[in-house]
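Trainee: Structure below; questions to follow.
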Amino acid sequence: MATAASSVVTATDPQDWPNWRGPNQDNTSPATHMPAEWDPKGGEGSNVLWTNEELGGRSTPIVFNGKLYTIVRNKPGTKLEGEKVVCVDATTGDEIWTHEFNVYLSDVPDTRVGWSSVVGDPETGRVYALGVCGYFCCLDGETGDVVWDRSLHEEYGLLSTYGGRTNFPVIYKDTVIISAVVIGWGDTPQWGLMAKPAHRFLAFDKATGQLRWLKGTSLIPYDTTYSTPTLANINGVDALVFGSGDGKVWAIQAGTGLPIWSYELSGRGLNVSPTVTGSGQVITGHSEENTVGNTMGALVSLDDSLPGDSAGKEIWKEYEVMAGKSSPLVVGDRVFVLDDRAKIFMFDLNTGEQLAKKALGTVQRSTPLYADGMLYVCTNNGRWWTLKPTEDGFDVLHRMRINRQSSDGSPIIAQGRLYVPMSEALYCIGTEESIAAAKNAKHAEVVAESEAPGEPAHLQVVPWDELVAPGGELDYKVRVFDAKGNYIRDANPDEVEFSVAGPGSVTSDGSYSAPEAAAHQCALITCTMGDLKGDARVRVVPQLPWKFDFENVDDVPLTWVGGRIRYVIREGKDGNHYIAKPTELPTRPGAPTTKLGTRSQMWMGSPEMSDYTIQADVQMTVGQPGVEGATETDVPEFPTDKVEGANATLPSIGLINSGYNFTLFGPNQEVRLYSWCTHDKRSQAAKEMKLEPGKWYTLKLKVVPEGDHAHVMGKVWERGTDEPDEWTLEVTDEAPNLNGAPGLFGDSKVAEAYVDNIEVTEN
């Protein structure tokens, strides 16, 4: 049995809207006297209070403490484009502050920037935002000042793809939690198998940004997803309920990330945000392949009280409901859901019986809003509907077309004002009556339901994952939880014992010291308290210079984020060792290999690194059309001048420095220098170059940060020849990345690429 979501959500004014699904995480509002009609053209009688064209985009805004926050494109269509969080006065739409940041090392198109939504923390007044490339920040809600920020792709291996799917932060007590497909470091169970991709959750101390735990679902997920977790209390356990990239619906403990139950729903990743009812039902859907039969799509009601796997969880299930984007609403004993083709359905909550359906358009992405007995709906192509549900259908109160605009973000209500995000503008709608009703509404105090914590059952060693330099120190604390994931207390130093596997030492009070001579090594910190055990991970990465020649080693450095499995040691005919990026990667034991991940990035150090140069030798092999990959010995059989379409069978391989990429693109026969590869106006350069398989080239990438710009220089030449004086490509970036971890980029779907003699030096 689940209690209302609000019982585990930070206390807030119910007339505010601090996360994209509202105070109860269900897209319903207690607002009354709301207008049914409005006119985007504005003017007298339109009910439009203000319009702000600067706030148009994909994101759903939030409102609390009199301010509206959203995330949008910054300087769209220009060489300076990035992303920004904007704060405006919720009453007037006037800007208060902006926080701008770059999109870097991402494949996402500019039209998908601003995919996520910010979340507000009423307890502190702070807001949290995740950018499309993995930049994650905590901002002061009053000033926009950065409290802390993290580069999640460089630090932990967050995956940013062309699809742009970006998840939404969630506040739980004193943590902020975010999820993504993550490919980190550590390729064995000892290290958590983090080098294999999984849909993983990262829980940070919301005050400091320190990582408390990182937990995932099944390895090798089918997709990236954007299903926002719903907070609910299930049988006394505070839980996150969500759809995962592995096609399952999951519930995990919000305090620890430990699994409670899962339910296999689809053959692909799930994007719908589940709705959890107070009666213990989880309502969610999808529009991909079902796990049984040959149908597509389903809407399902699950019993959230049963632990374990899928068995027995279904209360009811309706197949061929293509509800894969818009999240379901539950009002009383009715379920409302829009399918991907903009048909609205009404089901009986208890039986799953379909009571009504109505076509509203052709494409649906946003989630409808329920308030004051009405459903506010906008289809993806701008068809607006205000509907009044009846016992067996829908009465149309208002309909119109918002011309030349699309709808991805969802409508919200705060303090008697309806906010409608569209692609070209954000609209604020309301009346004197609706605003007065919100102001005069009596707020029933929500008392969080809680019980006394049980006996200690789980230890959380914090910080769970950190990077230090040789000689660096970390102070650990141990948080004690009961079996239900309830925080009990911090452990006292005299009741725990610390140990370390790997370089360094740890004192009895949890102070870790890395050795002065450590070089690209990892340590596992273990804490025991009686029969309980918890651990944390440390990467020890030295200061520059670095050199990797891959001689006398069995694998790439464990410290490389996204390095192991994606790169393996090889020996050439001359006995020289180098690393290869394979054309196939392992998945689960006994399962076939996959090409997922053969196009990837990896990082070697801290994202705070700056003002350095990276150099390496690289080689491309060639794959025969119709043949999976090739090895070094295959090259003479398939020379590029004798194979039709041979360019398409070459891989790509390059270097990363401070958020910039310098890569040989074999299929295009060119060398490229860029930061955001899919943006044609951001600082970049390219040059045609005859690239031959079986030949070693030397690449060099130098980034010089210079205040308000960066000078980025790339150079390529045949290994063994004199280094040229001139740079092959140069750009001056006026929206610079001033720091970032060194790394590699590779795409080996059709043929392997090799790397050797990596050097990273200070400028």
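The values are calculated or read from the model by the stated rules, or taken from the named source; none is laboratory data. Not measured: the values here are computed from a predicted model. Here the Cβ is made from the backbone with ideal geometry for all residues, glycine too, and neighbour counts use every protein chain on show. With ligands, DNA and RNA removed, areas are computed over all heavy atoms of the protein, side chains included. Shrake-Rupley method; radii C 1.70, N 1.55, O 1.52, S 1.80 Å.
Trainee: Measuring from label point to label point, each 7 Å out along Cα→Cβ, what is the Thr526 to Glu608 span in nm?
Mentor: Computed distance between label sites Thr526 and Glu608 equals 3.0 nm.
Trainee: Can you list the residues of the range 65-85 with backbone N under 13 Å from a point 7 Å past the Cα of Glu100, pointing along Cα to Cβ?
Mentor: Within reach of a label on Glu100, which here means backbone N under 13 Å from a point 7 Å along Cα→Cβ, the range 65-85 contributes 73-85.
Trainee: A follow-up question, please. Counting Lys and Arg as +1 and Asp and Glu as -1, what is the net charge of the other residues whose Cβ lies under 15 Å from the Cβ of Arg341? If you can, show how the numbers build up before the last one.
Mentor: Details: positive: Lys325, Lys343, Lys357, Lys358, Arg365, Arg383; negative: Glu288, Glu320, Asp339, Asp340.
Its environment carries a net charge of +2.
Trainee: Between the range 714-763 and the range 232-256, how many Å separate their Cα centres?
Mentor: Result: 43 Å between the Cα centres.
Trainee: In terms of solvent-accessible area of protein heavy atoms at a 1.4 angstrom probe, what is the ranking of Glu318, Glu752, Glu433, highest value first?
Mentor: Sorted by accessible area, descending: Glu433, Glu318, Glu752.
Trainee: Using a 1.4 Å probe on the protein chains only, how many percent of the accessible area of the range 207-336 belongs to carbon and sulfur? Let's see the in-between values first.
Mentor: Numbers: 1760 of 3630 Å².
Solvent-exposed carbon and sulfur of the range 207-336 make up 48 percent of the total.
Trainee: For Arg588, tell me the accessible area in Å² from a 1.4 Å probe, rounded to the nearest 10.
Mentor: Roll a 1.4 Å probe over it and Arg588 shows about 100 Å².
Trainee: Kindly work out what percent of the DSSP beta bridges joining two residues of the range 421-574 are antiparallel, to the nearest 5.
Mentor: Numbers: 29 of 34 bridges.
If I count the DSSP bridges inside the range 421-574, around 85 percent turn out antiparallel.
Trainee: Using heavy-atom solvent-accessible surface (probe 1.4 Å) with all chains present, what is the largest-first order of Glu455, Glu424, Glu155, Glu759? Intermediate values should be presented prior to the final figure.
Mentor: Values: Glu455 145, Glu424 100, Glu155 30, Glu759 65 Å².
Final ranking, largest accessible area leading: Glu455, Glu424, Glu759, Glu155.
Trainee: Further, regarding this structure: Across the Cα atoms of the chain, what radius of gyration and what greatest pairwise Cα-Cα distance (Dmax) are found, in Å?
Mentor: Computed over the Cα atoms of the chain, radius of gyration and Dmax are 26.7, 83 Å.
Trainee: Here is a further query. Give the calculated FRET efficiency between Asp490 and Asp145 to the nearest 0.05, with a Förster radius of 35 Å applied to their Cβ-Cβ distance.
Mentor: 0.75
Trainee: Find how much the distance from Asn294 to Lys388 grows on full extension, using 0.36 nm per residue of separation minus their present alpha carbon separation; answer in nm with one decimal.
Mentor: Computed gain between Asn294 and Lys388 is 30.3 nm.
Trainee: Let me confirm the definition first: pairs of Lys residues in the range 640-729, 8 or more apart or on different chains, C-alpha distance under 29 Å. How many are there?
Mentor: 18
Trainee: Defining a contact as two alpha carbons under 8 Å apart and six or more residues distant in sequence, what relative contact order in percent does the chain show? It would help to have the intermediate numbers written out before the result.
Mentor: Details: 2277 pairs, mean separation 84.8, N = 763.
Dividing the mean separation by the residue count of the chain yields 11 percent.
Trainee: Moving on. When a/c is below 1.5 the answer is rounded, else prolate if a/b is larger than b/c, else oblate, so apply that to the range 410-544 with a ≥ b ≥ c taken from the square roots of the Cα gyration tensor eigenvalues.
Mentor: Details: a/c = 4.61, a/b = 1.92, b/c = 2.41.
Oblate shape, in that a/c is at least 1.5 and b/c is the bigger or equal ratio.
Trainee: Continuing with the same structure: At 1.4 Å probe radius, can you tell me the per residue accessible area of the range 425-495 in Å²?
Mentor: 54
Trainee: Using a 1.4 Å probe and ignoring any ligands, DNA or RNA, find the accessible area of Leu49 and quote it in Å² to the nearest 10.
Mentor: 80
Trainee: Can you tell me which aspartates and glutamates have their Cα less than 14 Å from the Cα of Lys313? Leave out same-chain residues fewer than eight positions away.
Mentor: In chain and number order, the partners are Glu264, Asp303, Asp304.
Trainee: Which order do the peptides 502-508, 120-126, 460-466, 550-556 take when ranked by the mean count of other beta-carbon atoms within 10 Å per residue, highest first?
Mentor: By packing density, highest mean first, the sequence is 460-466, 120-126, 502-508, 550-556.
Trainee: Provide the net charge surrounding Thr732, with neighbours chosen by a C-beta distance below 14 Å and charges set as Lys +1, Arg +1, Asp -1, Glu -1. Intermediate results must be reported in sequence, preceding the final value.
Mentor: Values: positive: Lys79, Arg682, Lys702; negative: Glu706, Asp708, Glu730, Asp733, Glu734.
Its environment carries a net charge of -2.
Trainee: Could you let me know the centre-to-centre spacing of the range 300-326 and the range 490-523, using Cα atoms, in angstrom?
Mentor: Each part's Cα centre sits 45 Å from the other's.
Trainee: When a/c reaches 1.5 or more, the comparison of a/b and b/c decides; with that in mind, is the range 520-605 rounded, prolate or oblate per its Cα gyration tensor?
Mentor: oblate
Trainee: Spin-label point model (7 Å from Cα, Cβ direction): what's the Lys690 to Lys595 distance in nm?
Mentor: In this crude spin-label approximation the distance works out to 2.9 nm.
Trainee: Still on this structure, please answer the following. Where Lys and Arg each count +1 and Asp and Glu each count -1, what net charge lies around Leu701 among other residues with Cβ under 12 Å from its Cβ?
Mentor: Cβ neighbours under 12 Å give a net charge of +2.
Trainee: Let me ask another. Measure up Lys215/Lys581; Lys248/Lys484; Lys173/Lys477; Lys343/Lys439; Lys325/Lys439 against 25 Å on the Cα-Cα distance and list the ones that go over.
Mentor: From the list (Lys215/Lys581; Lys248/Lys484; Lys173/Lys477; Lys343/Lys439; Lys325/Lys439), the Cα-Cα distance tops 25 Å for Lys215/Lys581; Lys343/Lys439; Lys325/Lys439.
Trainee: Let me ask another. How many nm is it between the label spots at Thr92 and Val396, if each spot is 7 Å from the Cα in line with the beta carbon?
Mentor: 3.9
Trainee: Calculate one ³J(HN,Hα) per residue across the range 293-309 by plugging θ = phi - 60° into the Karplus curve 6.51 cos²θ - 1.76 cosθ + 1.60, and present them in order as whole Hz with x for glycine and proline.
Mentor: With the stated coefficients, the range 293-309 comes to x, 10, 8, 10, x, 6, 10, 9, 10, 10, 7, 7, 8, 8, x, x, 8 Hz.
Trainee: Hey, another quick one. In whole percent, what relative contact order does the range 106-248 give with Cα contacts below 8 Å and a gap of six or more residues?
Mentor: 17
Trainee: Stretched out fully, how many nm does the piece from Gln190 to Lys357 gain, at 0.36 nm a residue minus the Cα gap? Can you show the working numbers first?
Mentor: On the way: separation 167, 0.36 × 167 = 60.12 nm, distance 5.19 nm.
Fully extending the segment from Gln190 to Lys357 adds 54.9 nm.
Trainee: Set the Förster radius R0 to 60 Å, insert the Cβ-Cβ distance between Glu723 and Glu37 as r into 1/(1 + (r/R0)^6), and round the FRET efficiency to 0.05.
Mentor: 0.30
Trainee: At a probe size of 1.4 Å, how large is the accessible area of Val146, to the nearest 10 Å²?
Mentor: 70
Trainee: Distance from the Cα centre of the range 137-188 to that of the range 90-111, in angstrom?
Mentor: 16
Trainee: Go ahead and run the numbers for FRET between Thr587 and His443, Cβ-Cβ distance against an R0 of 56 Å, rounding to 0.05. Provide the component values of the computation, followed by the final result.
Mentor: Working: r = 51 Å, r/R0 = 0.92.
Result of the calculation: an efficiency of 0.65.
Trainee: Also, quick follow-up: Residue separation times 0.36 nm, minus the C-alpha to C-alpha distance between Glu706 and Glu516: what's the value?
Mentor: 65.2 nm
Trainee: Quote the relative contact order of the range 251-301 in percent (integer), defining contacts as alpha-carbon pairs under 8 Å separated by 6+ residues.
Mentor: It comes to 27 percent, rounded to a whole number.
Trainee: So which lysines pass the test for Lys41, namely a Cα distance under 26 Å, with those fewer than 8 places away in the same chain ruled out?
Mentor: Of all the lysines, those that pass the test against Lys41 - Cα under 26 Å, at least 8 places apart if same chain - are Lys67, Lys75, Lys388.
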